[in-house]
1. Can you give me the long-range amide H partners of GLY38? Hydrogens built in the peptide plane at 1.01 Å from N, cutoff under 5 Å, separation of 5 or more residues or another chain.
2. Mean 1/r over all different Cα pairs, inverted: what Kirkwood radius does region 2-61 give, in Å?
3. Residue by residue, what Karplus-based ³J(HN,Hα) values in Hz, rounded to whole numbers, does region 9-14 have, using 6.51, -1.76 and 1.60 with θ = phi - 60° and x for Gly and Pro?
Amino acid sequence: MRRYWNLTDLGGGMAVENGFYTIRWYAKADPAGDTGGGKSVNLWNKDENRTWKLFRQDFNHD
């Protein structure tokens with residue numbers, strides 16, 4: 001799986017990440033498989049230890 005992202009610090013311990021992904025999949029019924037991809041938006045929040053934690057996520061397959 002390849003993934004590209006762009007993280008933007010929003011201040012106040014919040015950041016937004018705009019991602020794109022490509023994935024190769026295989027199935028027992030379809031051993032040749034295929035590829036797929038899509039986009040995602042992730043909202044990150046720093047906890048009390050200042051560690052980034054995923055707060056919300058939304059994605060869309062192409």
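1. It is TYR21, ASP62, by chain and number.
2. 13.2 Å
3. Karplus values, whole Hz, x for Gly and Pro: 6, 8, x, x, x, 10.
Just so you know, all these numbers are worked out from the coordinates, no wet-lab data involved. What you see is a predicted model; the values in this text were computed from it and never measured.
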